[in-house]
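Remarks on the structure that follows.
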Amino acid sequence: MSKLSIICFSGTIDKLTSVGVLAQAGAAMGMEVSVFVTFWGLMNFTKGEKKAIMPKEFEAYGPMMMEGMKREHVKSWYEMLKEAKEMGAKIYACSMAAGVMNIKKEDLDPIVDDMVGAATFLQEAEGGQILFI
C-alpha cells in the first residue's frame with residue numbers, strides 16, 4: 001500500500017487522535033497521505049482554539065486517557081498532523097460541508113492545504129486505501 005486517504009468525519013478527540021496517528025505513521029512510512037475533513041471534523045480545522053470533545057460513552061475515561069497520553073509523551077492530534085504534513089501529507093477541507101456550515105476558505109486553519117469537493121478527493125485517493133474515521 002503506497003497511498004493512504006483518510007476521511008475525517010468526527011470532531012471527537014478519540015477519532016481526531018486516530019486520524020493524527022494514522023496520517024503520521026503513513027507519512028513516516030513513505031506513503032502518499034491525504035486527509036479529507038468533513039462535517040463535524042471540520043469544526044477543529046478552523047482558525048482558533050481546538051475544542052475536540054470526548055464522546056459521551058467515554059467521558060468517564062477522559063481524565064485517565066489524557067493523563068496517560070501526557071505520561072507517555074503522546075503528542076496532540078494537531079501536532080501529529082503537523083508532523084505528517086512536514087513529511088508530505090495533505091489536508092483538505094470538504095467544500096460542500098464548509099458551505100453548509102458557512103465556513104469560508106479564509107476561516108480555515110493554516111494546516112489545511114485546500115478546500116475541495118468529494119469527487120476531487122476520491123480522484124486523488126484512487127488506487128489506495130481509504131479509511132473513514
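Taken together, the values in this text are just the output of simple stated rules run on the coordinates, not laboratory data. The model shown is predicted, which means the values in this text are computed figures rather than measured ones. Ideal geometry is used to build each Cβ from the backbone, glycine not excepted, and the neighbour counts take in all protein chains shown.
Brief remarks on what is shown
- Principal axis dimensions, region 72-133 - Cα atoms, whole angstrom, descending: 38, 31, 20
- Taken over the chain, the convex hull of the Cα atoms encloses 104 Å³ per residue.
- Flagged links, alpha-carbon separation over 28 Å, of Lys56/Lys105; Lys82/Lys105; Lys56/Lys90; Lys3/Lys75: Lys56/Lys105; Lys56/Lys90
- Which of Glu32, Glu67 has the fewest Cβ neighbours within 10 Å, and the rest in rising order: Glu67, Glu32
- Span-like helix ranges in the chain, DSSP H, alpha carbon extent 15 angstrom or more, Kyte mean at least -1.0: 13-28
- For Glu32, the residues whose modelled amide H falls within less than 5 Å of its own, excluding neighbours fewer than 5 places apart on the same chain, are Lys3, Leu4.
- Mean Cβ neighbour count within 10 Å, used as a protection proxy, ranking 101-108, 23-30 highest first: 23-30, 101-108
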